[in-house]
Amino acid sequence: MPDLLLELRSEEIPARMQRKAAGDLRKMLTDGLVEAGLTYEAAREYWTPRRLALDIRGLTARSKDIREEIKGPATSAPEQAVQGFLRKAGLASIAEAHVHSDPKKGDFYVAHISKPGRAAEDIIAELVPGIIRSFPWPKSMRWGPASARPGSLRWVRPLQSIVCTFGPETEEPVVVDFDIDGIRSGNVTYGHRFHAPGEFTVRRFDDYVSKLEAAKVVLDAERRKEIILADARNLAFANGLDLVEDEGLLEEVSGLVEWPVVLMGEFEQDFLAIPPEVIRLTIRANQKCFVTRPQGAGEDLSNRFILVPNIEAKDGGKEIAHGNGKVVRARLSDALYFWKTDQGDLPDFGELKASAEKFGLDLKKPLDQRMARLDHLNVTFHAKLGTQGARVERIKRLAEELAPVVGADPALARRAALLAKADLQTEVVGEFPELQGAMGRKYALLEGEHPSVAAAAEEHYKPQGPSDRVPTDPVSVAVALADKLDTLTGFWAIDEKPTGSKDPFALRRAALGVVRILIENRVRLALTSIFAKAFANFAGGANQQSDLLAFFHDRLKVYLRDQGARHDLIDAVITPQSDDLLQIVRRVEALGSLLDGDDGRNLLAGTKRAANILAAEEKKKTLVAETVEPALFREDAEKSLFAAVNQAEKEAGQAIQNEDFSAAMLALSVLREPVDSFFERVLVNDEDQAVRANRLALLARIRAATDQVADFSKIAG
């Protein structure tokens, strides 16, 4: 079976686009080949900064001949229907159609379509130019004289050459010939920009990879990552250090080099006074370098860093490392200035007294000054939701309200809420927004805040995704809940809810964060009561409570399904009024345990049978007695079921009041035998109307007893 090699070589592709682009190329080409009637055994994509490549193995040499029949209208059909049939079948006239007969339907037209197979080379030569022209780059450009023409080729960076060879392993492959805007496909490519810029000819993939390697190009991005990581670890270890690993940076750096060379640079020890996070981000963002730490030193960093140039220098990389060190020192000088500035007084210190008095802030403390400035400058949170200062005031009140519920000191929760957003006015966060929260914690500890207050400055943003941890310190929990609930009630009040896939304010993430905080910390919270207090801050918010609660139910369902819970059990437990998420979870857990056993499964079957009979009779307007009258019982099975229902209903109701849902399920499970016995021995639809109405009332009691814990009609099985 023939193999296909495709390489699209260009100027440097941004690292963040490479992996997806290679995947898009594989999908577009393989989808096109299959649609054209070809099959293949395997396909894999590769990428470097200057090329996207595909290796497609076992591609059929020719598509199959196609013979099909397209059924048309009756021969008596109007002309409009006949013309539509001709267009669909691709016939020039009705004379090219055949007439078939059917004993029932009469005569009708049929088109016999025969399409001969095509050579794979012809299909590829047609597909690839179209893929190149329609390629979904996030950004693309035109270049050269041709760029002045409408419809000229666009690519992420100027496209320079195309390799496209096809053929079986035992024969010399052919070049699949096509041209796109003057770039003709061939079997010639080029190596490393500096080490091996000359051209060379390639035949098939294995030959291509080995010749690229000889020309100082490592084609496989995963292998480049392995080389960088192994060499960086070894170089750090040889210098008594540990590499601070960073998967995101490793991915980016592997997309910046075709021939990775790992070197070590350094900066002055004085810069280690800067927090490690700031050093790491400065070096990462500006120089794409890795930081190191002394072996066994915890979070402290060393003054050495790892860089990965794309060249083997004659001096062993000394000048490259020295040059990078100069740039790193300049950037760290800025970071050190920001760090020290944030610990001093603000230049507009004198203008902050009114805001300080309003919030009870201590202007002797730098972080308090930053919070006062956040209010003083009227920094906007959202055009319809007011300023950050107003928002902090709302979060403070809500955090105080929530503190007793989550076991936090209200005074600490209030203080933490006041300082939680203060670092937004610091120089470091202005330069590195991703450090918001982390810097708030550091600055709070520097000015002597309670550790829980400092922790809340960072942790109130959490969780920021499904894999992020939730805060556990009660003060952090109170502020995190207040922050997210204020956001949600605010946007619901102004009717800016998520729609479809659009969620510009990350409201789904905020609601899921509330769900995870409550459940994973086992916090009981009546959401409707806290909604009422939060919505009181916004005009017109009160009528949005039920809609917001339904939104939380949806997020809870997503969370529980991810945890492995059955969707039907969740639906059986949740009602539109359910506002205690932890209680819902406990009910689902208890219901799942009940249904895992034979008693539960048989009770479910019996309960559903009772509910179905009852529903059918209610639909027919059959009389159902308001209460069960024991005097009308004719069978022992009725008496046993009545006694069991009374006992189960009482015990389950008491267990629910005690919030012991396992006990409630256990109380219901004893109904299994009397329900089974009832249906075996008793005919519900007795000829005596009074007896029938009484027995239907008994079924209604079964439904009422089980409805205390769940709507069994929504459970599958």
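The values are calculated or read from the model by the stated rules, or taken from the named source; none is laboratory data. Since the structure is predicted, the reported quantities are computational estimates derived from the model, not experimental observations. Note that each Cβ is placed from the backbone with ideal geometry, even for glycine, and that neighbours are counted across all protein chains shown. Quick note on the areas: whole protein, heavy atoms, side chains included, nothing else; ligands and nucleic acids left out. Shrake-Rupley method; radii C 1.70, N 1.55, O 1.52, S 1.80 Å.
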For the chain, the dipole about the Cα centre with charges only on Cβ (Lys and Arg +1, Asp and Glu -1), to the nearest 20 debye, works out at 1320
Cα convex hull of the stretch 331-435: how many Å³ per residue? 119
So what is the relative contact order for the stretch 258-369, in percent, with contacts set as C-alpha pairs under 8 Å and at least six apart? 29
Ordering MET28, MET371 by accessible area with a probe of 1.4 Å, largest first, what comes out? MET28, MET371
Taking 0.36 nm per residue of separation between TRP137 and SER662 and subtracting their Cα-Cα distance, the length gained on full extension comes to 183.5 nm
Could you name the aspartates and glutamates in cross-link range of LYS533, using Cα to Cα under 15 Å and dropping any fewer than eight places away on the same chain? GLU393, GLU400, GLU401, ASP483, ASP486, ASP579
Order these peptides, 581-592, 138-149, by their mean beta-carbon neighbour count within 10 angstrom, highest first. 581-592, 138-149
May I ask you to list the trypsin sites (Lys or Arg not before Pro) in the stretch 466-534 that are in a DSSP loop and have at most 11 other Cβ atoms within 10 Å of their Cβ? ARG469, ARG522
Determine the percent antiparallel among the DSSP beta bridges restricted to the chain, to the nearest 5. 100
Putting +1 on Lys and Arg Cβ atoms and -1 on Asp and Glu Cβ atoms, find which of PHE432, PRO260, ILE306 reaches farthest to the positive end of the dipole of the chain. PHE432
In the chain the accessible area split gives carbon plus sulfur, as whole percent at 1.4 Å, a share of 49
What nm distance separates the two modelled labels at SER152 and GLN287, each placed 7 Å from Cα along Cα→Cβ? 4.0
Run lengths n ≥ 4 of DSSP H only: what is the helix-derived mean residue ellipticity at 222 nm for the chain, with -39500 (n - 2.57) per run over all residues, to the nearest 500? -16000 deg cm²/dmol
Cα centre as origin, Lys/Arg/Asp/Glu Cβ charges: the stretch 387-492 dipole, Debye: 260
Under a Cβ-only charge scheme (Lys and Arg +1, Asp and Glu -1), can you give me the dipole magnitude of the stretch 273-359 about the Cα centre, in debye to the nearest 20? 400
For a protection proxy built on the mean count of beta-carbon atoms within 10 angstrom, sort 280-288, 243-251 highest first, please. 280-288, 243-251
Whole Å is fine, so just give me how far the alpha carbon centre of the stretch 482-537 lies from that of the stretch 31-79. 48
Need the C-alpha centroid separation for the stretch 443-461 versus the stretch 87-136, integer Å. 70
If packing is taken as the average count of other Cβ atoms within 10 Å, what order do 381-392, 557-568 fall into, highest mean first? 381-392, 557-568
Under Karplus coefficients 6.51, -1.76 and 1.60, residue-wise ³J(HN,Hα) of the stretch 24-30 in Hz, glycine/proline x: 4, 4, 4, 5, 5, 6, 5
In Hz, Karplus ³J(HN,Hα) per residue of the stretch 230-244 (6.51, -1.76, 1.60; θ = phi - 60°; x = Gly, Pro): 5, 5, 5, 4, 5, 5, 4, 4, 5, 9, x, 10, 10, 6, 8
Before anything else, pin down the relative contact order of the chain: Cα pairs under 8 Å, at least 6 apart, normalised by residue count, whole percent. 7
Probe 1.4 Å, protein heavy atoms only - accessible area per residue of the chain in square angstrom: 47
List, in order, the whole-Hz ³J(HN,Hα) value for each residue of the stretch 365-379 obtained from phi through the Karplus relation with A = 6.51, B = -1.76, C = 1.60 and θ = phi - 60°; use x for Gly and Pro. 9, x, 5, 4, 4, 5, 5, 4, 5, 4, 6, 4, 7, 6, 4
Part-to-part distance (alpha-carbon centres) for the stretch 626-677 and the stretch 159-198, which is given in Å: 80
Given [x] 15, 46, 31, 8, 0; [y] 13, 26, 32, 23, 5, 0; [z] 18, 50, 28, 4, 0 as candidate values of P(r) over Cα pairs in 20 Å bins from 0, in percent, which corresponds to the one derived from the coordinates? [y]
Check cross-link reach from LYS639 to the lysines: straight Cα distance under 20 Å, and skip same-chain residues fewer than eight apart. LYS650
Of the listed pairs LYS396/LYS557; LYS421/LYS442; LYS318/LYS340, which have alpha-carbon separations greater than 21 Å here? LYS396/LYS557; LYS318/LYS340
Under a straight-distance cross-link criterion of Cα-Cα below 30 Å, which lysines are reachable from LYS71, leaving out those fewer than 8 residues away in the same chain? LYS88, LYS104, LYS105, LYS115
If amide hydrogens are placed 1.01 Å from N in the peptide plane, which non-local residues have theirs closer than 5 Å to the one on TRP155? MET141
